[in-house]
Amino acid sequence: MADADLSLAVPAVFFGAVGTAGQRCTSTRRVYLHRDIASEFLERLQRLYTTVKPGDPLVEGTLLGPLHSSAALKTYSDTIKHLRLIEAEVLIGGDRYTEAPLDAGNFVQPTIAIPKSVDPKEQIWSTETFAPILNAAIFDDLDEAISWNNAVPQVKGLCGS
């Protein structure tokens, strides 16, 4: 909402979406932003995304490790491909890391995307990826955002959306 405390909300969404490379069922997958704060929220969030230093998840302080398998990497890649196919605006991320030594593993860039529409039945909103992909929707009326969220099937893996 317009009175949201962004100093609390932005880091919470950042950790929820990026931590453990999005591979937990409580990862943040969707964020609904009131139009009055959406631009500032997304600018702050993108700045945090630029600070991510991927690495060994067993090293203290590492927020983003690799995806756990080549199948997870394929899911990430297919989801990014789909986002581009539906002409979502990819604000940041959307690729694998290509520099050594990350290129030898399943390291992917955390991604923020704004799909053009919010259709809760569309796979972007309703399918668990277990990857660091955050989809943002901008609303004008709180009831609209509640309706969007409540229309998404709450299946295993979307409990933290």
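Quick notes on this structure:
- Among the conditions (1) open to solvent by 20 Å² or more (accessible area, probe 1.4 Å); (2) among the β-branched types (Val, Ile, Thr); (3) in contact with a helix residue (DSSP H, G or I) (Cβ under 9 Å, 6 or more places away or on another chain), residue 112 misses just one, which is (1).
- Every test in (1) part of a loop (DSSP other than H, G, I, E, B); (2) in contact with a strand residue (DSSP E or B) (Cβ under 9 Å, 6 or more places away or on another chain) is passed by residue 38 save one, and that test is (1).
- Any hit, segment 61-77, residues being outside any loop (DSSP other than H, G, I, E, B), open to solvent by 50 Å² or more (accessible area, probe 1.4 Å), β-branched (Val, Ile, Thr) and over 21 Å from residue 25 (Cβ atoms): no
- Of everything in segment 21-46 that is surrounded by fewer than 17 Cβ atoms within 10 Å (Cβ to Cβ) and modelled with pLDDT under 95, the residue that is nearest to residue 65 (Cα to Cα) is 24.
- Condition check for residue 9: more than 13 Å from residue 133 (Cα to Cα), modelled with pLDDT of 95 or more, surrounded by 12 or more Cβ atoms within 10 Å (Cβ to Cβ) and over 13 Å from the mean Cα position of the chain (by Cα): yes
The values are calculated or read from the model by the stated rules, or taken from the named source; none is laboratory data. Keep in mind that this is a model prediction, so the values were computed, not measured. With ideal geometry, Cβ positions are generated from the backbone for all residues, glycine too; neighbour counts draw on all protein chains shown. What goes into the accessible areas is simple: the full protein's heavy atoms, side chains included, and nothing from ligands, DNA or RNA. Shrake-Rupley method; radii C 1.70, N 1.55, O 1.52, S 1.80 Å.
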